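Q: My questions all concern the structure below.
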Amino acid sequence: MTSIPSFVPSDGAPGERDAFEYMRPIGPRTLCVATPSERRAWDSSPDFPVRAGRAYTGGFSRKCQDYAERFYHGSWCILDPCHGFMWPEEVIRRPHDRCLYRPETQPLTAGQLNAHARRRKLDDYDAVIALGGRRFILLIEEVFPGKRVRAPLAGVGGIGEMMRTLNDAMAAGERL
């Protein structure tokens, strides 16, 4: 079995290329963005570094990531409030306590996330799927102005109902 190499995102330095730049598929593409959670791997374990795909351990975030992996394998990321858009294989080197919805924790702003998305060429995607609740959907729409943003969980109800909807879609093998 081949191990997945550990990639570190580019910090945007001139001439520096993102490790994933060469892995982009050709043709119409959809990016799926999963919401993070306030529960994180480093809350229960001091082991670092940790891959972004394993960093957020809250039930709803994990369910969104499972759905994204199932239906958008290779073109999904998680929105980390400290580091921005991260592919699941990318590494978080140090713990942080930032939360997207608590300004006192100083999460990245919509403007900073927009700049980060452009630097990572995520604005090259044709459509964006926002997997999260209402505030997350609004943030993704602000970060990707002019892009078609689909929010399959919009109007579904609370977190429990959204998780049930994701479970049903995965059991049926059908995208929302």
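Taken together, the values in this text are just the output of simple stated rules run on the coordinates, not laboratory data. All values derive from a computational prediction rather than experimental measurement. Methodologically, a virtual Cβ is constructed for each residue, glycine included, from the backbone with ideal geometry; neighbour enumeration extends over all protein chains shown.
Q: Show me, for the stretch 144-156, the HN-Hα J-couplings you get by feeding each phi into the Karplus relation (A = 6.51, B = -1.76, C = 1.60, θ = phi - 60°), rounded to Hz, glycine and proline as x.
A: Karplus values, whole Hz, x for Gly and Pro: 10, x, x, 8, 6, 9, 9, 10, x, 9, 4, x, 6.
Q: Sticking with this one: Applying a 10 Å radius around every beta-carbon, put 136-146, 118-128, 96-106, 54-64 in order of their mean neighbour count, most first. Don't skip to the end; give the middle numbers.
A: Numbers: 136-146: 18.0, 118-128: 16.0, 96-106: 13.5, 54-64: 19.8.
By packing density, highest mean first, the sequence is 54-64, 136-146, 118-128, 96-106.
Q: Next question. Taking 0.36 nm per residue of sequence separation and subtracting the Cα-Cα distance, how much length would be gained by fully extending the chain between A127 and V91, in nm to one decimal? Each step should come with its number before you reach the end.
A: Working: separation 36, 0.36 × 36 = 12.96 nm, distance 2.54 nm.
Using 0.36 nm per residue and subtracting the Cα-Cα distance, I get 10.4 nm.
Q: Would you mind computing, in nm to one decimal, how far apart the modelled labels at E69 and E142 are, each placed 7 Å from Cα along Cα→Cβ?
A: About 3.0 nm separates the two model spin labels.
Q: Kindly identify the stretch 63-146 as rounded, prolate or oblate by the Cα gyration tensor criterion: order the square roots of the eigenvalues as a ≥ b ≥ c, call it rounded if a/c is under 1.5, otherwise compare a/b with b/c, prolate if a/b is larger, else oblate.
A: The shape class here is rounded.
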